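Working notes for the structure below.
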Amino acid sequence: MRRRSEQGLAAAAIVVILIVVAVALVLGRRFVTVEEFLDQHAATEANLQRVSDALVSFASQNQRLPCPASGTADTGLEDPPGPTATCNSPDGVVPWAALALRRDHALDGWGRRISYRVFSGPVGFTQDRGVNMTNCNTSLGFPLDMALDPGGLCKTGAPPPNMPMQFLGARGNMLVVEDTGTTRSGNAFVLVSHGRTGNGAFQAEGAAGRTVLPANAGREYTNTQATGTAWILPRSDPATPASDPTHFDDVVSYMTAADLVAKAKLASRSWAELNIPLSAVFSLPNVSAAAPGRSGENTNQAFLGMGGFLILGTDSTFAMRNIGIRTEDGISGIGVIGGGSSAGDLNSALGERLFFLLGSGSEFHKMDIALNRFRVVDLFPIRLEERAEVTFWRGGDLLQTATVTSWVEPIQPARCLFSLVSPGVFDRVDIRPIPRTGDGGQTTFTVAEVKACTEATASCTVGLAGALDCPARPPSAASGAADAITATTATVRGHASDNGAATTVSFDHGTSCAYPSNTAASPGSLSAGAGKRAVTASLSGLACNTTYYFRTKAVSAGGVTTGNDAMFTTGACAFPMPIVATGSASAITQTSVVLHATVNANGADSTVTFDAGSSNCYGSSIPATPGTVGATAGTTSVSAAVSGLSCGSRYHFRVRAVSAAGTTTGSDVGFTTAACP
């Protein structure tokens, strides 16, 4: 009896052991399967990266992309070889031999060929020089030539007359990828591994042909086709059958055209090394050609594209107005019309101004400007001189403002050369009339001609006959940084250039851009011909934990010039103040944004807002959420949703916290809204 019991126990033990072994085998097999999948996926990702890098290298050497290889051939050659607009195997595979890759580098981790889609066609990237954008000129604000070369390529020239937007605009959306819910257009190529199941992939041996295609209602099927959107989705549940339209295990990689040309060193450029100026003469025939719908003094256009400049006009509300043109004394020039104005000139009483826009790659340093009917209106009993303000910008930020008074007593046009402190460059110039001296009456004039030049251009002078030169060029000024900052003192720094006339230099400063205070700089004067000089000023008697503005100011017989608005914050107070940190801008669209910051009330309830505006002078106050941070709440995240912005525009913001102890403002942060449609 005892023996039988022992035998039964032994049998039970064997059964338990067999079960444990079986479970271990099953679990072990599962772990092996997961590990194997991860290894295969990593191998796939590595080869996708190798192929992407090889395509960039091919583009760099050949200024184009190759066509796909045939999926049923084993040569690894592009089909057809050489530059072409039409690929023979648009649904083909990576041409590994043409890319100087090993054959196995064009396979995924499951041993199947990687599919390759490329943007081809009449303006595609497989044609000769198809990915070469180096002739596209980033200095231009408007094309000098509206037509592209055959194939949608930028023309050569001195300077090249086409803009990057023309090249890209001719190509539309290119290849489109739906990347986990986000549509990505403008792609040069797409690479597809058809995953573990491999449905629709070409076998490693070309003669073996293609595996069974996925269900034609699914996204995997779209990824096997020569045209249409490529899809990237989360991997479907392993239990989903490969025949199910919702099945997805593809691994997809892609590269935008912008990334490709940048990595291949074939991107657009400014062509500044040619030192060729851009100029525009606003004669009646020239303006009529650029504005064929012109009627009298109204061009009936809110913009004008001439000489490489994109010219816009606004009134005092910054509402867009039509460009006007007026002829006086036999000389034509442009201005603004509409919104209360029936004349085609610029009028200070209406706050009218013209914007001269250049490209983001502009490297222009100076601009010669000819104004018509910019006059000394009267000499007796008081001298009435019209005034003009010329501002320079870069990337939406103000660089310099120059104000000049008229020097023209007879009836003839005026011209003057304006420049930045070396080595500054601009991409936008604004010209507007401001009230005249003597009685504050209106100033009116038109812009007859402009010429923008690089710093290396020796002569930068408009060709308007009879124009009277300014007796002295306006000085140049640039604000730098502040240092040696304490709770009550700081040293501010900047640069000034005399531009040929004796110049007095100082610093405007204060807690706002109204600049209520002025302190002489050291050195305080520059002799004529001194050139660019570094200047400083020591400020004292400041308030603790307070943001101050300052700007360099240069005054000569040529006019008054102020530099950019710079900022610094004095040291902490001896008593607790709110602690703040301006964060980032998120959810940026063409017209809206969400601003972020953190606030610690530091012992006293604090009201929180955001200062915001088109410059670091701000101008608007936006309530934060939450609007109050409690005395003991600790560091708290705050935000503000802002709408009603302008597309493609530069904005600045900072956080502000106010408590019984005082006010603390954060650092300045800038952002640019999404490009206009």
Could you state the angle between the C-alpha long axis of helix 2-62 and the longest principal axis of the C-alpha atoms of the chain, as a value from 0 to 90 degrees rounded to the nearest 10?
-> 40 degrees
From the square roots a ≥ b ≥ c of the eigenvalues of the alpha-carbon gyration tensor of region 41-192, which class results: rounded (a/c under 1.5), prolate (a/b over b/c), or oblate?
-> prolate
Solvent-accessible surface (1.4 angstrom probe) belonging to D329, in square angstrom, nearest 10 | 80 Å²
Whole-Hz Karplus ³J(HN,Hα) for region 640-657, in order, using 6.51 cos²θ - 1.76 cosθ + 1.60 and θ = phi - 60°, x for Gly and Pro?
-> 8, 8, 10, 10, x, 7, 9, 5, x, 10, 8, 10, 10, 8, 7, 8, 9, 10
Selected from A601, V118, S268, residue furthest toward positive end of dipole (the chain; charges at beta carbon) | A601
Figure the gain on full extension for T246 and S422 (residue separation times 0.36 nm, minus the Cα-Cα span) and round it to one decimal in nm.
-> 57.2 nm
The relative contact order of the chain, taking Cα pairs under 8 Å that sit 6 or more residues apart, comes to a percentage of 8 percent
Report in % the part of the accessible area of region 354-462 that belongs to carbon and sulfur, leaving out ligands and nucleic acids; probe 1.4 Å.
-> 51 percent
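List the relative contact order of region 86-224 as a percent without decimals, with contacts defined as Cα pairs under 8 Å and 6+ residues apart.
Averaging sequence separation for qualifying contacts and normalising by length gives 22 percent for region 86-224.
Using a Förster distance of 35 angstrom, determine the FRET efficiency expected from the C-beta separation of R235 and S646, and round it to 0.05.
Details: r = 42 Å, r/R0 = 1.20.
Efficiency for this residue pair is about 0.25.
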Where the accessible area of region 598-677 is counted over protein heavy atoms with a 1.4 Å probe, how much of it, in %, is carbon and sulfur?
-> 51 percent
Once phi is turned into θ = phi - 60°, what whole-Hz ³J(HN,Hα) does the Karplus curve with 6.51, -1.76 and 1.60 give for every residue of region 512-529, x standing for Gly and Pro?
-> 8, 6, 6, 6, x, 10, 9, 10, 4, 8, 10, x, x, 9, 10, 6, 4, x
Quick one: which residues, 5 or more positions from D345 or on another chain, have an amide H under 5 Å from its amide H? H modelled 1.01 Å from N in the peptide plane, none for Pro or chain starts.
-> V336
Links that overshoot a 30 Å alpha carbon limit, given the list K366/K553; K155/K451; K155/K366; K451/K532; K263/K451 | K263/K451
Using modelled amide H (1.01 Å from N, peptide plane; none on Pro or chain starts), what sits under 5 Å from the amide H of D244, excluding residues fewer than 5 places away?
-> none
For a quick protection proxy, order the peptides 472-484, 612-624, 207-219 by their average other-Cβ count within 10 Å, most packed first.
-> 472-484, 612-624, 207-219
Per residue of region 187-201, in order, report the coupling 6.51 cos²θ - 1.76 cosθ + 1.60 (Karplus, θ = phi - 60°) as ³J(HN,Hα) in whole Hz, putting x for Gly and Pro.
-> 9, 7, 8, 9, 10, 10, 9, 8, x, 5, 6, x, 4, x, 7
What number comes out for the charge environment of Y618, summing +1 per Lys or Arg and -1 per Asp or Glu over other residues with Cβ under 14 Å away?
-> -1
Hey, quick one: spin label on T491, modelled 7 Å out along Cα-Cβ, who in region 531-568 has an amide N within reach, i.e. under 20 Å?
-> 533-543, 548-553, 566-568
To the nearest 10 square angstrom, what accessible area does Y254 show with a 1.4 Å probe?
-> 60 Å²
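How compact is region 234-357 by the rule of thumb for globular proteins, expressed as Cα Rg over 2.2 N^0.38 Å?
This ratio for region 234-357 stands at 1.87.
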Grab the DSSP H runs of the chain that are 4 residues or longer, score each as -39,500 (n - 2.57), total them, divide by all residues and round the 222 nm result to the nearest 500 deg cm²/dmol.
-> -4000 deg cm²/dmol
Figure the gain on full extension for F380 and T591 (residue separation times 0.36 nm, minus the Cα-Cα span) and round it to one decimal in nm.
-> 70.8 nm
Non-local amide H neighbours of R394 (under 5 Å, H modeled in plane, Pro and chain starts lacking H): which ones?
-> L399, D427
Shape call for the chain from the C-alpha gyration tensor, a ≥ b ≥ c root eigenvalues: rounded (a/c under 1.5), prolate (a/b greater than b/c) or oblate?
-> oblate
Using alpha-carbon pairs under 8 Å, 6+ residues apart, how would you state the relative contact order of region 518-677 in percent?
-> 22 percent
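Given a 1.4 angstrom probe, what's the average accessible area per residue across the chain, in square angstrom?
43 Å²
The values are calculated or read from the model by the stated rules, or taken from the named source; none is laboratory data. Nothing here was measured: the structure is a model prediction, and the numbers come from that model. Don't worry about glycine lacking a Cβ; one is built from the backbone with ideal geometry, like all the others, and counts go over all protein chains shown. Note: accessible area is taken over every heavy atom of the protein model, side chains too, but ligands, DNA and RNA are not part of it. Shrake-Rupley method; radii C 1.70, N 1.55, O 1.52, S 1.80 Å.
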